[in-house]
């Protein structure tokens, strides 16, 4: 009899356990089905242009059944609403979940949208002094008009700038046995703001109207299950391995330059030698007299250049790069160099540029450049043009040398024909390029404002001016690359 009762008891217990497990599984399946239906409704609403209603449906779906696909859809919906801060945080969370689920398509979508929003972000720092913190304190920040938009900020993110939506933003602080503290602040696109939380007064605790935190797929504090996202959680570093530089962002690189410049411009136009007379051979062994600067008297003659010695000098200036990070190791854009020379001169160059991170802190790159340079150099003589019809009589040369002693004109108080006179060697349009050799001195791949790196760079540069000569330079730069 006892044995029969024991068997009946065991059977009853087993039936109860099976029923409980079946009921729990049925409830889970029911929630999943409801969430899928809400997500489909949200898709239809998005297609109809009913963005606000769609976002509410995606939110409800995510609460019922946290999924990576739903959090990405909600992020896209928030972006379309113009809720840039919420969208950025949700894209970041969607990227994390997609990486865990090895969904590269969702990773790429989330990352590209997140990067596109980066420069538009408004950030708010919620300052909490140590003596203000009480057990169970919770801080939420979001759009004042939408309780669902109040995201929980974990304690690890207090006193740090976090992305927020633009407009009227509300900060809500609650704790057990304390009165709720609320404060509104107006936030503009791209701005940075701060607000300080005072000591909470005694009260009844959090109001029942607060929405629960939006769950996201992934490991929670005690094992598998929804994590209380979407901001990074205490004790859970994010992203794994720390922050990293990313592609899909605008790159700005600014450096101060110092260095050396060697002008190899052998000849260039110089108005100060106008009036210099020179002779070239004409037909039948005749001689023709021409005058520099007078191209009317003898057509084809009178167009003169001054000849120069090579000139070494120093330079100081800046370089600026504006471009785009194709990925975390390749950047493409436009690079510009500008500066002053000693002896008196200048440099203005620019063109397309590409840089590669080849190993560790080493970056290499190349830029194609156009522009112009000028530096004062010693005049050593001149060259005068020969009309095309007379070139066969002058060994097919297009110019004839003018000795230094025949030059007219002066450099200050010194006549050129006395020797030692200096003048600007300006060759006009130049083409060439520069190589980049950069070393990262300080790497700063933060998700806060100002991510980038402090770089020390060398820019070996060469330029060529057709029919006039060349220029080589070695600027050394120190500056910051934002990316």
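Computed from the coordinates by the stated procedures, all read-outs in this text should not be read as laboratory data. Predicted model, so just to flag it, every value in this text is computed and none were measured. Cβ placement follows ideal geometry from the backbone for every residue including glycine, while neighbour counts extend to all protein chains displayed.
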- Expressed as a rounded percentage, what relative contact order does segment 121-211 have, with Cα pairs under 8 Å and six or more residues apart? 37
- Between residue 429 and residue 274, what length comes free when the chain is fully extended (0.36 nm per residue of separation minus the Cα-Cα distance, one decimal in nm)? 53.6 nm
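What relative contact order, as a whole-number percentage, does segment 250-482 give when Cα pairs under 8 Å and 6 or more residues apart are counted? Walk me through the intermediate numbers first.
On the way: 676 pairs, mean separation 56.8, N = 233.
The value is 24 percent.
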- Can you work out the FRET efficiency for the pair residue 458 and residue 104, with r the C-beta to C-beta distance and R0 = 56 Å, to the nearest 0.05? 0.90
- Item | Where labels lie 7 Å past Cα in the beta-carbon direction, separation of residue 330 and residue 472 in nm | 3.1
- Among 349, 117, which comes first, second and so on when ranked by fewest other beta-carbon atoms within 10 Å? 117, 349
- Message: Starting from the 7 Å offset along Cα-to-Cβ, what nm value, one decimal, do you get for the label separation of residue 312 and residue 50?
- Response: 7.9
- Message: I'm checking a number: the convex hull volume of the Cα atoms of segment 121-211, normalised per residue, in Å³. What is it?
- Response: 83
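Report the gain in length on full extension from residue 116 to residue 389: 0.36 nm times residue separation, minus Cα-Cα distance, nm rounded to one decimal. Show your work: numbers first, answer last.
Details: separation 273, 0.36 × 273 = 98.28 nm, distance 6.32 nm.
Computed gain between residue 116 and residue 389 is 92.0 nm.
With a/c under 1.5 counting as rounded, go ahead and sort segment 29-118 into rounded, prolate or oblate using the C-alpha gyration tensor (a ≥ b ≥ c being the square roots of the eigenvalues; past the cut-off, prolate if a/b is larger than b/c, else oblate). Don't skip to the end; give the middle numbers.
Values: a/c = 2.11, a/b = 1.21, b/c = 1.75.
Since a/c reaches 1.5 but b/c is at least a/b, the shape of segment 29-118 is classed as oblate.
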- Task: List the pair-distance distribution P(r) of segment 250-482, using every Cα-Cα distance, as the percent of pairs falling in each 10 Å bin from 0 up to the bin containing the longest distance, rounded to whole percents.
- Result: 8, 28, 24, 17, 12, 8, 3, 0, 0
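Quote the FRET efficiency, to the nearest 0.05, computed for residue 254 versus residue 36 with a Förster distance R0 of 60 Å and r equal to the Cβ-Cβ distance.
Working: r = 51 Å, r/R0 = 0.84.
Efficiency at R0 = 60 Å is approximately 0.75.
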